[in-house]
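For reference, the structure discussed in these notes is given below.
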Amino acid sequence: MRILVVEDERKLAKTIKKGLEQESFAVDIAFDGGYGYDLASTEDYDVVILDLMLPKLNGIDICRRLRQNQIQIPIIMLTAKSQLEDKVNGLNSGADDYLAKPFAFTELLARIKALGRRPKVSLGTELEVEDLSLNTLTHEVKRDGRGIKLSRTEFALLEYLMRNKDKTLTKNQLIEHVWDYDADVLPNTVEVYIGYLRNKIDKPFKNKAALIQTVRGFGYKVGR
C-alpha cells in the first residue's frame, strides 16, 4: 500500500512515515499543501493523510480540488482542531475520515487499513491464494502450513499481488504501490524482488504448482 502524508510538522510527519514503513507501507511526505496537492493529483496513492492547517494550500482546499477533478483517493483529515464545525467542514470538502491530534498510532493505522480496503471488496486481514496465506496484522506468511520469512519490501509486494489475485499487474503499478516516490528503483528492481519471492514461495515447494506467474509483455500476477 502506498500512502501520502501531507503534514507541515516535520517531526510528526517523519514519525508517521517511520511507523508506517515498519508496517511495510511505502510512504511519501509533503511538508506544504502546494506540493501535497501536486503529488496527490499526479501520483497513484492508496490513502492520503492530510493535515487541515498547511502553508500554501490548506487541507480543505486540497480535498475540494481533488474531488472537483474526480480524484477519489481515500483521505484522512488530520488536525489539531476537534470542534464539530471543523469535522463537518473537512468531511463536506470530500475527506473520508477525520482524526484529531493527539492520536494513537494504532488508531491511525486501523483507519488507514479500513480506507485502503474500502474501494474494493473487503478482503479482511487474512489473504489467501491456494495454500498460500498472508496476515496483514501479524505479518505472518505461510504456504502449506509452513512459515515463510519475508523482508518488508517482499511482504509489501506479495500483499499487493495477493490483494489483486489473478489480476496481471505491470511493473509500473507494482513500483507505484510498493516503493516510495523517492526510492532508488532501478529498471530491473521489480524482476529482482519477484525472483526473491519465487525463491521463498515457489521453489521450496517442488510438489506444488507455482503461484507467482509472469505474463510476458504485461507483468506479473499471483494465481494459476
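Among the conditions (1) at pLDDT 90 or above; (2) exposed (fewer than 15 other Cβ atoms within 10 Å of the Cβ); (3) in a loop (DSSP other than H, G, I, E, B), the only one that residue 147 does not satisfy is (3). For residue 197, are the conditions met, namely being farther than 24 Å from residue 47 by Cα and in a loop (DSSP other than H, G, I, E, B)? Here the answer is no, as residue 197 does not meet what is asked.
If you filter segment 28-71 down to residues that are assigned to a loop (DSSP other than H, G, I, E, B) and of a type in the set (S, T, N, Q), you find that the one that is surrounded by the most Cβ atoms within 10 Å (Cβ to Cβ) is 58. In the set (1) more than 19 Å from the chain's Cα centre (by Cα); (2) touching a residue at least 40 places away in the same chain (Cβ under 8 Å); (3) under 30 Å from residue 151 (Cα atoms), residue 43 fails one condition alone, (1).
Residues in segment 171-186 that are over 10 Å from residue 2 (Cβ atoms), charged (D, E, K, R) and outside any loop (DSSP other than H, G, I, E, B): 171 alone. Here residue 140 passes the criteria (1) modelled with pLDDT under 90; (2) out of contact with any helix residue (DSSP H, G or I) (no Cβ under 7 Å at 6 or more places or on another chain); (3) surrounded by fewer than 19 Cβ atoms within 10 Å (Cβ to Cβ) except the one numbered (1).
Within segment 144-153, does at least one residue satisfy the condition of being within 14 Å of the chain's Cα centre (by Cα) and free of Cβ contacts under 8 Å to residues at least 40 places away in the same chain? So far as segment 144-153 goes, no, none of its residues is within 14 Å of the chain's Cα centre (by Cα) and free of Cβ contacts under 8 Å to residues at least 40 places away in the same chain.
The values are calculated or read from the model by the stated rules, or taken from the named source; none is laboratory data. Just so it is clear, the structure is predicted and the values come from calculations on it, not from any experiment. With ideal geometry, Cβ positions are generated from the backbone for all residues, glycine too; neighbour counts draw on all protein chains shown.
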